[in-house]
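The values are calculated or read from the model by the stated rules, or taken from the named source; none is laboratory data. All values derive from a computational prediction rather than experimental measurement. Please note: Cβ atoms are built from the backbone with ideal geometry, for glycine as well, and neighbour counts cover all protein chains shown. Ligands, DNA and RNA are excluded from the accessible area calculation, which covers all protein heavy atoms including side chains. Shrake-Rupley method; radii C 1.70, N 1.55, O 1.52, S 1.80 Å.
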Amino acid sequence: MRAVVTRVKNARVEIDAATVGKTDGGFLVLLGVAQEDTEVQCDRLADKVCGLRIFEDDNGKMNLNLAAAGGSLLVVSQLTLYADCK
């Protein structure tokens, strides 16, 4: 399993000019899942991403996780994270 996590103010996915997913603040996660990945690994990655304390608190310190900051996730399937470019 591979993920690229980006903190965003807003993000959206559009297909044929229709918005199919969006976040107004939080994380944009590009996620590649392999056939051998397990549910335990998925749970562990989700906990890790949601637990990242990279949002500012009232004192300007990066001390809040996604839930404490009131953010949300936009997860986009990204099979190319497993591409073999050799």
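If only the Cβ of Lys and Arg carry +1 and only the Cβ of Asp and Glu carry -1, the dipole of the range 15-56 around its Cα centre is close to 160 debye.
Put simply, the amide H of LEU52, placed in the peptide plane, has neighbours under 5 Å in LEU66, leaving out anything fewer than 5 places away on its chain. Placing +1 on the Cβ of every Lys and Arg and -1 on the Cβ of every Asp and Glu, with no other charges, gives the chain a dipole of roughly 260 debye about its Cα centre.
The gain in end-to-end length when the LEU79 to GLU36 segment is fully stretched comes to 14.1 nm, 0.36 nm per residue minus the alpha carbon separation.
With helices as the sole contributors, the chain gives -5000 deg cm²/dmol at 222 nm; each DSSP H run of n ≥ 4 counts as -39500 (n - 2.57), and the sum is divided by every residue.
Taking the Cβ of PHE55 as the center, what net charge do the other residues with Cβ under 13 Å away carry, scoring Lys and Arg +1 and Asp and Glu -1? Around PHE55, the charge tally is +1. For the chain, the relative contact order works out to 33 percent when only alpha carbon pairs closer than 8 Å and six or more residues apart are counted. For the peptides 20-31, 51-62, residues were scored by their other Cβ atoms within 10 Å and the scores averaged per peptide; the highest-first order is 20-31, 51-62. The string of couplings for the range 53-62 from the Karplus curve (6.51, -1.76, 1.60, θ = phi - 60°) is 9, 10, 10, 6, 8, 5, 9, x, 8, 6 Hz, one whole number per residue in order, with x for Gly and Pro. Legend: calculated FRET efficiency, LYS22 to ALA46, from the Cβ-Cβ distance at R0 = 25 Å, rounded to 0.05, equals 0.80. The stretch between ILE15 and SER72, if pulled fully straight at 0.36 nm per residue, gains 18.5 nm over its current Cα-Cα span. Average accessible surface for the chain: 75 Å² per residue, computed with a 1.4 Å probe over protein heavy atoms with every protein chain in place. Surface composition of the chain: carbon plus sulfur atoms contribute 50% of the solvent-accessible area (1.4 Å probe, protein chains only, all chains present). Within straight-line reach of LYS61, meaning a Cα separation under 21 Å, sit the following lysines at least 8 residues removed in sequence or on another chain: LYS9, LYS48.
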